[in-house]
Each structure stands twice: as C-alpha cells, then as structure tokens.
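The next block holds one structure in the form of structure tokens; read it before the comments.
Computed from the coordinates by the stated procedures, all read-outs in this text should not be read as laboratory data. Quick caveat, the model's predicted, so the values are computed rather than measured. Neighbour counts are summed over all protein chains in view; Cβ atoms, including those assigned to glycine, are modelled from backbone coordinates with ideal geometry.
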Amino acid sequence: MGELGYPPSTSSILLMDNQSAISVSKNPEHHGRMKHMDLRWFWLRDAVDSGVIKPVFVPTEDMAADILTKSLMRPYVEKCRSLMGLRT
C-alpha cells in the first residue's frame, strides 16, 4: 500500500500455524537445518526486523486459509468459511 501512496500505520499481521517458521523469522541467527536455503528467501526476516510484518501464531484448527490450500471435510470447510466472515 505504501507504493500506492498509503503508508501503513501499523505492522501487517501474518497469521502462521508453524511455530518453527515464526522462530526463524524473528531470530537473525543462522540455523543449521536451514543452511540449504538460498539467502534471497530471508526477506521475511528483514520485513519482521523493520516492523513491516508481525508474525502471529494461530493454532492449526483455527487457520482459515486452509480452505484455500487443502481439501477438507464439510464441517471444517464451514468453520473456515465462518472464520473468514463468509455466509451461505
């Protein structure tokens, strides 16, 4: 939005259900298991450090984005739909 002339007033919240990913995004240290990753993928760390993005943990059962990425059973689809604020 900043490029369109609307500078953000607060950090954008990034909801994540992976605590390891949140830890890596907040910790600038090199992690031994991540040595295979190319440095260009560490843009998230820079965005978190600069305050542009704020990663927040959400339990897997409350992750509304699953409806867009997974095949789900009907009850979970309905739950995700309501989490997104959509009605039938």
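Sorting the segments 43-55, 66-78 by their mean number of nearby beta carbons within 10 angstrom, highest to lowest, gives 43-55, 66-78.
Taking each residue as 0.36 nm, the span from residue 49 to residue 88 lengthens on full extension beyond its C-alpha to C-alpha distance by 10.0 nm.
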